[in-house]
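This report refers to the structure that appears directly beneath it.
The values are calculated or read from the model by the stated rules, or taken from the named source; none is laboratory data. What you see is a predicted model, and the numbers here were worked out from it, not measured in a lab. Cβ sites come from the backbone with ideal geometry, for glycine too, and all protein chains shown count toward neighbours. Just so you know, the surface numbers come from the protein's heavy atoms only, side chains and all, with ligands and any DNA or RNA stripped out. Shrake-Rupley method; radii C 1.70, N 1.55, O 1.52, S 1.80 Å.
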Amino acid sequence: MAKISGRLEKIKPSVTLAVTQKAQELRSRGEDVISFSAGEPDFSTPEHIVEAAKMALDQGKTRYTPVAGVPELRQAVAAQSEEVRSVGCKPEQVIITVGAKHALYGFFQAVLDPGDQVVIPTPYWVSYPDQVLLAGGEPVYFETTAKNNWILTPQDLEKIAGPKTKVVIINTPSNPTGGLYSREATEAITEKALSMGLWIITDEIYRDLIYDGAKHVSPLSVAQDGAERVFVVDGVSKTYAMTGWRIGWGIGDPDVIKAMSKIQGQSTSNPAAMAQAAALAAITTPADFLPGWVREYKERRDVIVEGLAAMPGVECVTPRGAFYVLPDVTAVLERMGGGVTDVDLATLLLEKALVATVPGSAFGAPGHLRFSYATSMDAIEAGIIRVGETLAKL
């Protein structure tokens, strides 16, 4: 058997992708599976964006581009960042990547040395720890709670950070909680992290999906001294329903961008030329469709939260962003008997109720399940009935 690099011994496969694949396998066998597992919009990419990609193909834009992205797109990203974050941004501060995940990966590879610690608030998106490990870093976790709106406070950071700490991750709105940092919370954690000499990597891929009159505030917008140590991750996947187009970007210090470009040049090279053309169309034309999408997400959110919260043993807070809920099912697991985990419950729901969810333990939140409401209202209503009936039988 081939010997695989020891670097991979600590790396776990993506649970979200595994659950989605299992649900697809059941569907292929004719099973009526309702999936709450996928973290992608169920809307189609807007037609004018698709047309921009077709035009790019017709114009022969099928060749290599500059490694860091075409100049027009880097300029457009810089201009958009200035508009939404109220901070000056130049194209040399932007790198276009193969999805937002690739921007995160490139940053960790460029900034971390072996043994450097990265503070990761839990619950966290599944790829953060493994990307840190692949870069030779050490994830350090701090548990946040629903009672505190899932935020990391300055006091929390003081408790967990040490002499080896180099980076803290902020994800607002959050996957998997939908939690959103208020302006006050953002200002507080940003000031503390920068005063400690830390890097802040702020994952803002869901910044346009916010409800109830709340506002997204970027750490970059409120940073005072040390703003050059704030690195923004963003992209088109969630806002424009472009997950499969694989276009994201990083915004940060030009030296970091150069280092990431070096890494990208020796790995993926540039993102696809026609996908960059589509992304350019997306961010330079009015997103007239977005308010309607957000209203629909909110309606779905309200239905799924109400349905889950009504189930005995399930606690579910209302998220203010993204399209996920993370109900606490600890009481359900206790009712099922000793040793039963959220993984067991997710497996039972998939096999017995034909409902796909993601175990919270994949996000550093054992005793929870993640439900994505980026699916139709009909699916949500039917899925909640199935989950409720299954739990009632336990």
Checklist entry - Where the accessible area of the range 238-394 is counted over protein heavy atoms with a 1.4 Å probe, how much of it, in %, is carbon and sulfur? => result 55 percent
Item to check | Accessible area per residue in Å² at 1.4 Å probe, computed on the chain | outcome: 44 Å²
Next on the checklist: Pairs of alpha-carbon atoms within less than 8 angstrom and 6+ residues apart define the contacts here; what relative contact order does the range 228-285 have, in percent?
Outcome noted: 32 percent
Checklist entry - What number, in percent, do you get for the relative contact order of the chain if the mean sequence gap of Cα pairs under 8 Å and at least 6 apart is divided by its residue count? => result 22 percent
Next on the checklist: Net charge within 12 Å of Lys352 by Cβ-Cβ distance, Lys/Arg positive one each and Asp/Glu negative one each, not counting Lys352 itself?
Outcome noted: -2
Checklist entry - In the range 25-89, what percent of the accessible surface is made up of carbon and sulfur (1.4 Å probe, ligands and nucleic acids excluded)? => result 48 percent
Checklist entry - So which trypsin sites (Lys or Arg not before Pro) in the range 1-78 are both in a DSSP loop and have at most 15 other Cβ atoms within 10 Å of their Cβ? => result Lys3, Arg29, Arg63
Checklist entry - Given H placed 1.01 Å from N in the peptide plane, which residues other than close sequence neighbours of Thr172 have an amide H under 5 Å from its amide H? => result Asp203
Next on the checklist: Tell me the net charge near Thr268. Cut-off is 13 Å between Cβ atoms, Thr268 excluded, with +1 for each Lys or Arg and -1 for each Asp or Glu.
Outcome noted: +3
Checklist entry - Using Cα pairs under 8 angstrom and six or more residues apart, how large is the relative contact order of the range 1-95, in percent? => result 15 percent
Checklist entry - GNM, the chain, Cα, under 10 Å: largest mean-square fluctuation among Val67, Val84, Val94? => result Val84
Item to check | Residue-averaged 222 nm ellipticity for the chain, from DSSP H runs of 4+ at -39500 (n - 2.57), nearest 500 | outcome: -12500 deg cm²/dmol
Checklist entry - Here are some pairs, Lys12/Lys166; Lys61/Lys90; Lys10/Lys352; Lys101/Lys298; Lys159/Lys238; Lys3/Lys101; which of them have Cα atoms lying more than 29 Å apart in this structure? => result Lys10/Lys352; Lys159/Lys238
